1. How much length, in nm to one decimal, is gained on full extension between residue 369 and residue 105, taken as 0.36 nm per residue of separation minus their Cα-Cα distance?
2. For the stretch 289-383, take the alpha-carbon Rg, divide it by the Kirkwood Rh, and send me Rg/Rh.
3. Quick one: if the Förster radius is 45 Å, what FRET efficiency do residue 322 and residue 141 give, using the C-beta to C-beta distance and rounding to 0.05?
4. Report the FRET efficiency, 1/(1 + (r/R0)^6), for residue 355 and residue 312, where r is their Cβ-Cβ distance and R0 is 30 Å, rounded to 0.05.
5. Consider a paramagnetic label point 7 Å from the Cα of residue 362 along Cα→Cβ; state which residues of the stretch 311-328 have an amide N under 15 Å from it.
6. Over the stretch 202-372, what is the relative contact order in percent, taking alpha-carbon pairs closer than 8 angstrom and at least six residues apart?
7. With viscosity set to 1.567 mPa s at 4 °C, what whole-number translational diffusion coefficient in µm²/s follows for the chain from Stokes-Einstein and a Kirkwood radius over Cα pairs?
8. Choose one answer from 135, 238, 307: the residue with the largest mean-square fluctuation in a GNM of the chain with alpha-carbon springs under 10 Å.
Ligand code: GLA
C-alpha cells in the first residue's frame, strides 16, 4: 500500500515503537450534489486514495500527533477546553470529542498520518481523516460504536470543531465504501444499497482545476440555510415535505412568493438535482450511461447558474468536455473549486485529455491534473 513504509518509519522515528495502521479513503460522487443535507439521495463511491494513519496508546491523557505532509507536531489534551491551535489537529481532537459524546472513551495516544487524496480537490480529504481516526479509535479502544455512528462522529466533527455544516455523504462513503460499487444512500434516514459500478466501454476521470477549494468560511453554510428556509415554507403547506429534496416542482412553486428570489433559486437546484439523481439511477441499472451523462451536465449547469458554487475554471472544463463529446461532465463535491468528474467513452479518452490539457493551459497557464478513478474499499485496518 502506498505510503505504508513512510508511515511506519516515521512513527518509529518519532515514538520509538510500532503502532497499528488504518486507512480511510476519499470519495467521488457520480451525481446528487448538495442533496445530502437536503434529505435527498447521493451516489458516491470510495476511491483508492485516502489517509493512512498509525497510532498507539501512550499511557498518558495526551494526544501527540504528527502530520507527515505538513511536517508539524501538535500535543493536546482530550477535554473540551484542550482544543489545539493547529487547524489539522482539530480534526483529530474533534473526533475524540465526538466519540466521547457517544460514550467512546479514548485514552492518550501517539499518532502520525499522511494522505494521498489531493487537498482541496473536492474528494473529501478531511472526511477521510475524520473517518480514519473514528474507525481506528473505535477499534483500538474497543468502543463498540456502530459504523453509522462513526459516520456521524466525522460529520459532527465538521459541524462542531471545523465550522462546516456538511451532510453525511463524505464520511459515509469513507466508512462504508466497497470496491467496484457506488453507494445509493438515502440521506434522510441513512438507508443504503450498494450498486455495482461497471461502466463498460467508458472511463471515469477527474480533472482537477487546481483552484483551491475550502469549505470553511465558504458560502456552503449559506446554501444550506437557503434551502432550509424554503423547505420550512413548503412544509407549512405540504407537511410530508421535511427537506428540500423531498419536494416536487409544484410544491416548490407554491411558495415562490413567500421566499427570496435567491433562496428560491437554490431550492430550484435542489429539487432539480433530486430528479436528476432518480433519472440517473434508473438509467444506470439499464447500463444507459448516455442518460447518466446528460444528467451530469444538468447538475453542472445547475450548480453553476442556480446554486452558484462553480467557478470560471470548472465551467471551462465542463465546456471543453462537452465539445470533446464526453458523455457526462460536472463539478464534483461542495464546489468553489476542485475537480470535474467525467464519464467518457474509452475511444474518446486520449483526445479529451489532450484537448483539456492544451486548452486549459492556454487559458490558465497550467494544466489540470488528471486522476483516473478506481472505486476502492472503505475504512479498514491495514496492520
Ligand atoms: C461537501 C460536503 C458534503 C456534500 C457535498 C456536496 O463535500 O461535505 O456533505 O454536501 O459537499 O454534495
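Derivation of every value follows stated rules applied to the coordinates shown; laboratory data play no part. These numbers come from a predicted model, not from an experiment. FYI the Cβ positions are ideal-geometry reconstructions off the backbone, even for glycines, and counts take in every protein chain you see.
1. On the way: separation 264, 0.36 × 264 = 95.04 nm, distance 4.13 nm.
Contour length minus the Cα-Cα distance gives 90.9 nm.
2. Values: Rg = 14.3 Å, Rh = 14.1 Å.
On the Cα set of the stretch 289-383, Rg over Rh gives 1.02.
3. Details: r = 50 Å, r/R0 = 1.12.
Once rounded, the FRET efficiency stands at 0.35.
4. Numbers: r = 18 Å, r/R0 = 0.60.
Given R0 = 30 Å and the Cβ-Cβ separation, E is 0.95.
5. Correct set: 316-317, 319-321, 323-324.
6. Working: 268 pairs, mean separation 55.5, N = 171.
Result for the stretch 202-372 is 32 percent.
7. On the way: Rh = 21.3 Å.
So the translational diffusion coefficient is about 61 µm²/s.
8. 238
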